Amino acid sequence: MFTNNQRQEERTGKHGTPRLQYLQELVSQFQNATDEETKERTVANLANFAYDPYNYTILRQLNVLELFIDCITEPNEKLVEFGIGGICNACAEPKNAATIIEADGIPLIIKCLSSPVRNIVNYALGALYYICDYNRATREEIVRPEVVDLIERYAAAESVSVSFSNLAKAFLDKHIHANTRDS
(Lines give C-alpha, C1' and ligand atoms only; values in the text may rest on other atoms or scores of the structure.)
Protein backbone atom coordinates (compact mmCIF):
# COMPACT_ATOMS: atom_id res chain seq x y z
CA MET A 1 0.00 0.00 0.00
CA PHE A 2 1.28 3.45 -0.86
CA THR A 3 1.88 5.89 1.95
CA ASN A 4 1.02 9.55 2.37
CA ASN A 5 1.87 11.95 5.19
CA GLN A 6 -1.32 11.24 7.12
CA ARG A 7 -0.96 7.47 6.86
CA GLN A 8 2.69 7.70 7.81
CA GLU A 9 1.84 9.73 10.91
CA GLU A 10 -0.88 7.23 11.89
CA ARG A 11 1.50 4.29 11.49
CA THR A 12 4.42 5.77 13.41
CA GLY A 13 2.48 7.53 16.17
CA LYS A 14 3.80 10.41 18.25
CA HIS A 15 6.91 8.55 19.36
CA GLY A 16 7.67 6.59 16.20
CA THR A 17 10.75 6.97 14.07
CA PRO A 18 10.27 9.33 11.11
CA ARG A 19 10.76 7.64 7.73
CA LEU A 20 13.86 9.65 6.81
CA GLN A 21 15.53 8.72 10.08
CA TYR A 22 14.54 5.07 9.77
CA LEU A 23 15.89 4.77 6.21
CA GLN A 24 19.08 6.60 7.24
CA GLU A 25 19.51 4.03 10.00
CA LEU A 26 19.13 1.23 7.46
CA VAL A 27 21.73 2.81 5.16
CA SER A 28 24.13 3.19 8.11
CA GLN A 29 23.45 -0.38 9.16
CA PHE A 30 24.37 -1.56 5.66
CA GLN A 31 27.52 0.58 5.53
CA ASN A 32 28.69 -0.61 8.94
CA ALA A 33 27.80 -4.28 8.48
CA THR A 34 30.68 -6.69 8.67
CA ASP A 35 28.78 -9.83 7.71
CA GLU A 36 26.99 -10.68 4.49
CA GLU A 37 23.75 -11.75 6.17
CA THR A 38 23.24 -8.31 7.73
CA LYS A 39 23.96 -6.62 4.40
CA GLU A 40 21.49 -8.92 2.62
CA ARG A 41 18.75 -8.35 5.17
CA THR A 42 19.31 -4.58 5.12
CA VAL A 43 19.29 -4.26 1.32
CA ALA A 44 16.16 -6.43 1.13
CA ASN A 45 14.50 -4.10 3.62
CA LEU A 46 15.56 -1.01 1.64
CA ALA A 47 14.30 -2.61 -1.59
CA ASN A 48 10.89 -3.07 0.03
CA PHE A 49 10.72 0.68 0.63
CA ALA A 50 11.64 1.41 -3.01
CA TYR A 51 8.20 0.59 -4.43
CA ASP A 52 6.38 3.40 -2.60
CA PRO A 53 6.42 6.89 -4.16
CA TYR A 54 6.31 8.34 -0.65
CA ASN A 55 9.91 7.19 -0.20
CA TYR A 56 11.38 8.23 -3.56
CA THR A 57 12.74 11.62 -2.51
CA ILE A 58 14.22 10.14 0.66
CA LEU A 59 15.85 7.28 -1.25
CA ARG A 60 17.48 9.75 -3.64
CA GLN A 61 18.54 11.99 -0.76
CA LEU A 62 20.22 9.06 0.99
CA ASN A 63 21.80 7.71 -2.25
CA VAL A 64 19.99 4.40 -1.84
CA LEU A 65 19.64 3.97 -5.61
CA GLU A 66 23.42 4.17 -5.93
CA LEU A 67 23.68 1.64 -3.08
CA PHE A 68 21.44 -0.71 -5.09
CA ILE A 69 23.69 -0.24 -8.11
CA ASP A 70 26.75 -1.04 -6.00
CA CYS A 71 25.00 -4.20 -4.80
CA ILE A 72 24.50 -5.52 -8.33
CA THR A 73 28.29 -5.46 -8.82
CA GLU A 74 28.85 -7.76 -5.83
CA PRO A 75 29.71 -11.46 -6.12
CA ASN A 76 27.02 -12.23 -3.50
CA GLU A 77 23.92 -13.26 -5.50
CA LYS A 78 21.54 -12.23 -2.70
CA LEU A 79 22.94 -8.69 -2.73
CA VAL A 80 22.58 -8.65 -6.52
CA GLU A 81 19.01 -9.93 -6.24
CA PHE A 82 17.93 -7.37 -3.63
CA GLY A 83 19.84 -4.56 -5.36
CA ILE A 84 18.23 -5.17 -8.75
CA GLY A 85 14.89 -5.69 -6.99
CA GLY A 86 15.20 -2.23 -5.43
CA ILE A 87 16.10 -0.73 -8.80
CA CYS A 88 13.13 -2.44 -10.41
CA ASN A 89 10.81 -1.20 -7.66
CA ALA A 90 11.96 2.41 -7.98
CA CYS A 91 12.73 2.96 -11.66
CA ALA A 92 9.23 3.69 -12.96
CA GLU A 93 9.67 7.15 -11.40
CA PRO A 94 11.55 9.35 -13.95
CA LYS A 95 13.77 11.03 -11.32
CA ASN A 96 14.81 7.62 -10.02
CA ALA A 97 15.43 6.40 -13.57
CA ALA A 98 17.63 9.47 -14.15
CA THR A 99 19.66 8.68 -11.03
CA ILE A 100 20.14 5.08 -12.14
CA ILE A 101 21.15 6.14 -15.65
CA GLU A 102 23.55 8.84 -14.40
CA ALA A 103 25.21 6.27 -12.13
CA ASP A 104 25.89 4.06 -15.19
CA GLY A 105 23.37 1.49 -14.06
CA ILE A 106 22.12 0.39 -17.49
CA PRO A 107 25.08 -1.87 -18.40
CA LEU A 108 24.88 -3.45 -14.96
CA ILE A 109 21.14 -4.07 -15.31
CA ILE A 110 21.71 -5.60 -18.75
CA LYS A 111 24.39 -7.85 -17.26
CA CYS A 112 21.77 -9.12 -14.78
CA LEU A 113 19.85 -10.60 -17.73
CA SER A 114 22.52 -13.33 -17.86
CA SER A 115 22.18 -14.34 -14.22
CA PRO A 116 21.31 -17.94 -13.34
CA VAL A 117 19.02 -16.58 -10.59
CA ARG A 118 15.45 -16.23 -11.88
CA ASN A 119 14.47 -13.30 -9.65
CA ILE A 120 17.50 -11.34 -10.83
CA VAL A 121 16.49 -11.84 -14.47
CA ASN A 122 12.86 -10.92 -13.74
CA TYR A 123 13.85 -7.73 -11.92
CA ALA A 124 16.28 -6.81 -14.70
CA LEU A 125 13.59 -7.28 -17.35
CA GLY A 126 11.19 -5.15 -15.31
CA ALA A 127 13.76 -2.40 -14.78
CA LEU A 128 14.67 -2.28 -18.47
CA TYR A 129 10.98 -2.14 -19.39
CA TYR A 130 10.60 1.13 -17.46
CA ILE A 131 14.01 2.69 -18.01
CA CYS A 132 13.78 2.22 -21.78
CA ASP A 133 11.19 5.03 -21.84
CA TYR A 134 13.50 7.59 -20.21
CA ASN A 135 14.98 9.15 -23.37
CA ARG A 136 16.25 8.30 -26.84
CA ALA A 137 19.89 7.71 -25.79
CA THR A 138 18.81 5.37 -23.01
CA ARG A 139 16.53 3.49 -25.37
CA GLU A 140 19.34 3.09 -27.91
CA GLU A 141 21.66 1.77 -25.20
CA ILE A 142 19.09 -0.82 -24.15
CA VAL A 143 17.73 -1.99 -27.52
CA ARG A 144 21.08 -3.01 -28.96
CA PRO A 145 20.79 -6.18 -31.06
CA GLU A 146 22.51 -8.44 -28.52
CA VAL A 147 20.15 -7.28 -25.74
CA VAL A 148 17.05 -7.64 -27.89
CA ASP A 149 18.22 -11.11 -28.97
CA LEU A 150 18.52 -12.21 -25.34
CA ILE A 151 15.10 -10.76 -24.50
CA GLU A 152 13.61 -12.53 -27.53
CA ARG A 153 15.04 -15.81 -26.25
CA TYR A 154 13.37 -15.22 -22.88
CA ALA A 155 10.10 -14.44 -24.68
CA ALA A 156 10.32 -17.79 -26.47
CA ALA A 157 11.15 -19.71 -23.27
CA GLU A 158 7.60 -20.01 -21.97
CA SER A 159 8.09 -23.68 -21.09
CA VAL A 160 11.11 -22.78 -18.92
CA SER A 161 9.65 -19.73 -17.17
CA VAL A 162 6.30 -18.10 -17.79
CA SER A 163 7.38 -14.98 -15.87
CA PHE A 164 10.51 -14.51 -18.04
CA SER A 165 8.44 -15.06 -21.12
CA ASN A 166 5.66 -12.66 -20.13
CA LEU A 167 8.02 -9.88 -19.05
CA ALA A 168 10.13 -10.31 -22.17
CA LYS A 169 7.05 -10.28 -24.42
CA ALA A 170 5.79 -7.11 -22.71
CA PHE A 171 9.17 -5.46 -23.27
CA LEU A 172 9.25 -6.49 -26.93
CA ASP A 173 5.64 -5.42 -27.53
CA LYS A 174 6.20 -2.00 -26.04
CA HIS A 175 9.74 -1.16 -27.11
CA ILE A 176 10.43 -3.17 -30.27
CA HIS A 177 7.26 -4.28 -32.04
CA ALA A 178 5.33 -1.06 -31.37
CA ASN A 179 8.14 0.90 -33.04
CA THR A 180 8.16 -1.33 -36.11
CA ARG A 181 4.37 -0.92 -36.44
CA ASP A 182 4.74 2.87 -36.21
CA SER A 183 7.27 2.97 -39.04
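Odds and ends about this structure:
- Being open to solvent by 30 Å² or more (accessible area, probe 1.4 Å) and among the polar types (S, T, N, Q) is not true of Asn96.
- Residue that is least open to solvent (accessible area, probe 1.4 Å), among those in segment 22-53 that are of a type in the set (Ser, Thr, Tyr) and part of a helix (DSSP H, G or I): Thr42
- Screening Glu66, Glu93, Glu77, Glu81 for residues that are over 12 Å from the mean Cα position of the chain (by Cα) and of a type outside the set (Lys, Arg) leaves exactly one candidate, Glu77.
- Residues within segment 117-159 that are assigned to a loop (DSSP other than H, G, I, E, B) and surrounded by 20 or more Cβ atoms within 10 Å (Cβ to Cβ), tallied: 1
- Scanning segment 93-118 for residues that are over 18 Å from Phe49 (Cβ atoms) and either in contact with a strand residue (DSSP E or B) (Cβ under 9 Å, 6 or more places away or on another chain) or polar (S, T, N, Q) (or both) yields Ser114, Ser115.
- Filter result for Asn89 (at pLDDT 95 or above and either under 28 Å from Tyr134 (Cβ atoms) or of a type outside the set (Gly, Ala, Ser) (or both)): yes
The values are calculated or read from the model by the stated rules, or taken from the named source; none is laboratory data. Note that this is a predicted model, so its numbers are computed, not measured. Quick reminder, even Gly has a Cβ in these numbers, built from the backbone with ideal geometry, and neighbours come from all protein chains shown. Ligands, DNA and RNA are stripped out before the accessible areas are found, and what is left, the full protein with its side chains, is counted by its heavy atoms. Shrake-Rupley method; radii C 1.70, N 1.55, O 1.52, S 1.80 Å.
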